[in-house]
Amino acid sequence: MNAQLNDEFADFLAKSELVQEFRNKQRKDLEIKRAAAIDARVSLDAEREAVSAQIAGLKKNLTAHLKRLEDEKRQVQLEAEDQLAPLLIRRHALECEIQQHKDFLTLNYDKRIDQAIELFRKKMNAVLGEPATRTVAKGPKMLSGKYTATIFSNHAAVLDCLEYCRGAVRELESMKTDCTAYDSSRIDELIKNVPNHKEHKETSALLGSQQADAQDWFTEAAVAALMRS
C-alpha cells in the first residue's frame, strides 16, 4: 500500500509543472555558477602561467647575473694574484737582506759596548752585595714621648744607581744593531756618570713610630722589584 502511494506521488511530481519549473531553474542556476567558475579558473590559470613565467625569467636573470659576478670575481682575483706575487717575492728578499744586515751588526760592533755592559752588570752586583747604611741623630723628646730624629741613609742612592745601570745596559744593547743609536762618546759618558750609591741623604722621622722602619722596608721591596723587572 505504501509503495503504491509513493509511486503515485512520484508520478504526480514528475507531471507537476511547478516542480518541473523549479527543477529547471535549479539546473540553470547551477549551469550559470559552473560557467562562472570555469571562466574564473581559466583566467586564474592564465594569470598563474604569466606569474610563473615572470618567476622563471627572474631566476634565469639572477643565475646569469650571479655567474657574471662570479666570473668577474675570478678575474679580479687572478689580476690581484698576478700583482701580489712579485710583491711577496720582493718582500721576502727584503726580509732576508734585512736579516743578513742584522746578523752582521749583531756580530760586528765596537767591543767596548760589551766591556761597558759587563762593567755595569758588575756594578749592579757590587751594589746589591753591599748592605745599605743608615745613621740616626736623635733629637729632643716630645710631649707624646716620641723623639724627633734626623736620618742619614743611602737607600735612595742605591735605587738610583741600580736603575741607572739597568738603563745603561739597555741603551748599550741597542747600539749593537741600531747605527743611529751608536755613539762612541756616549759610552764614555754613561760610564762617567754612574751615580754614587754610597751618597747619604737626610730625612726626618719620629722615633717610636713606624716611619723609619717603613722606609727601610720600602727600599728593600723597591730594590727587589727593580731587579725582577
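The values are calculated or read from the model by the stated rules, or taken from the named source; none is laboratory data. These numbers were taken from a predicted model, which means no experiment stands behind them. Don't worry about glycine lacking a Cβ; one is built from the backbone with ideal geometry, like all the others, and counts go over all protein chains shown.
Return the only residue of K60, K102 being outside the structural domain of S174 (by TED's automatic domain parsing) and touching a residue at least 40 places away in the same chain (Cβ under 8 Å). Don't jump to the end; show me each part of the working.
Values: K60 fails: touching a residue at least 40 places away in the same chain (Cβ under 8 Å).
Checking each option against the conditions leaves just K102.
Take residues that are over 30 Å from T106 (Cα atoms) and at pLDDT below 85 and tell me which of the helices (runs of 4 or more DSSP H) falling wholly in the stretch 121-229 contain 3 or more. It would help to see each step written out before you state the result.
Numbers: elements: 155-177, 184-192, 211-228.
In the stretch 121-229, 211-228 are the helices (runs of 4 or more DSSP H) which contain 3 or more residues that are over 30 Å from T106 (Cα atoms) and at pLDDT below 85.
This table checks each residue for (1) within 40 Å of the chain's Cα centre (by Cα); (2) assigned by TED's automatic domain parsing to the domain that holds T177; (3) loosely packed, with under 10 Cβ neighbours inside 10 Å.
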position: S43; (1), (2), (3): no, no, no
position: V76; (1), (2), (3): yes, no, no
position: D82; (1), (2), (3): yes, no, yes
position: A85; (1), (2), (3): yes, no, no
position: E97; (1), (2), (3): yes, no, no
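Determine, yes or no, whether K102 is part of a helix (DSSP H, G or I) and farther than 30 Å from A168 by Cα. No.
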